[in-house]
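The values are calculated or read from the model by the stated rules, or taken from the named source; none is laboratory data. These numbers come from a predicted model, not from an experiment. Cβ placement follows ideal geometry from the backbone for every residue including glycine, while neighbour counts extend to all protein chains displayed.
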């Protein structure tokens, strides 16, 4: 089972080494690294060309945002399974892709997800937020539940059936896509109850109060679009994060 890892990057030279180390350490042998660069000027391209994955395909050029870049990467991917791994993320151990392939031996599921940890940007060993996703239930969607997007791996036919990321969303395109996959797309997911990815705090969606407001508006648009609730769902989605900081389980 070949896994394509898509990385959308723009000026990620500082954090790329740790991400690449985690990818190249994977025990699963059939890995393709599809890198879609937005026109980096900080040495990202030179680093990737010198130190990139041995099965890397790299393209650089302008895009209309992160979801456009992800779509371009997915369209280039040749694997049976596609997952995302960006410059601020690392795989949490060398067996993560082996877990994915083991789980997807089950033909009854279309994809898998697991748990996620947010770590301090200046000290990746310090866990700030632990997101224990729990098993999927359609009823959870109305309570704001979603699988941690960085841990999501899908069979390539899911994108042919349910579509790519909607580029009209600037921040919450991942949430909209997952709601679409799980509702109209009828995607069947399996849960791996292990930490699969560690992500550095300080991403685009929480850089400022204005960004948080923008994200909430986009989240609400996605919620209404896919008929999984309203304002209550949005509030529950945001409140569910509190327990993740205190170490208690979500849902």
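For this structure, a couple of remarks:
- Residue 149 vs. criteria within 12 Å of the chain's Cα centre (by Cα), in contact (Cβ under 8 Å) with a residue 60 or more places away in the chain and surrounded by 18 or more Cβ atoms within 10 Å (Cβ to Cβ): no
- Boolean, residue 141 is more than 26 Å from residue 2 (Cα to Cα), in contact with a helix residue (DSSP H, G or I) (Cβ under 9 Å, 6 or more places away or on another chain), buried (at least 19 other Cβ atoms within 10 Å of the Cβ) and in contact (Cβ under 8 Å) with a residue 24 or more places away in the chain: yes
- Output for the stretch 200-248, where each listed residue is under 20 Å from residue 170 (Cβ atoms), at pLDDT 95 or above and out of contact with any helix residue (DSSP H, G or I) (no Cβ under 8 Å at 6 or more places or on another chain): 217, 224
- Test: residue in the stretch 86-102 that is free of Cβ contacts under 8 Å to residues at least 60 places away in the same chain and more than 23 Å from residue 17 (Cα to Cα): yes
- Out of 69, 8, one residue alone is within 21 Å of residue 200 (Cα to Cα), touching a helix residue (DSSP H, G or I) at 6+ places or on another chain (Cβ under 6 Å) and either in a strand (DSSP E or B) or in contact (Cβ under 8 Å) with a residue 60 or more places away in the chain (or both). It is 8.
- Residue list for the stretch 11-51, restricted to those being closer than 25 Å to residue 81 by Cβ, in a loop (DSSP other than H, G, I, E, B) and touching a helix residue (DSSP H, G or I) at 6+ places or on another chain (Cβ under 7 Å): 12, 26, 27, 28, 38
- Scanning the stretch 167-201 for residues that are within 17 Å of residue 66 (Cβ to Cβ) and surrounded by fewer than 16 Cβ atoms within 10 Å (Cβ to Cβ) returns a single hit, 168.
- When restricted to residues that are surrounded by fewer than 19 Cβ atoms within 10 Å (Cβ to Cβ) and under 26 Å from residue 100 (Cβ atoms), the stretch 32-51 contains 2.
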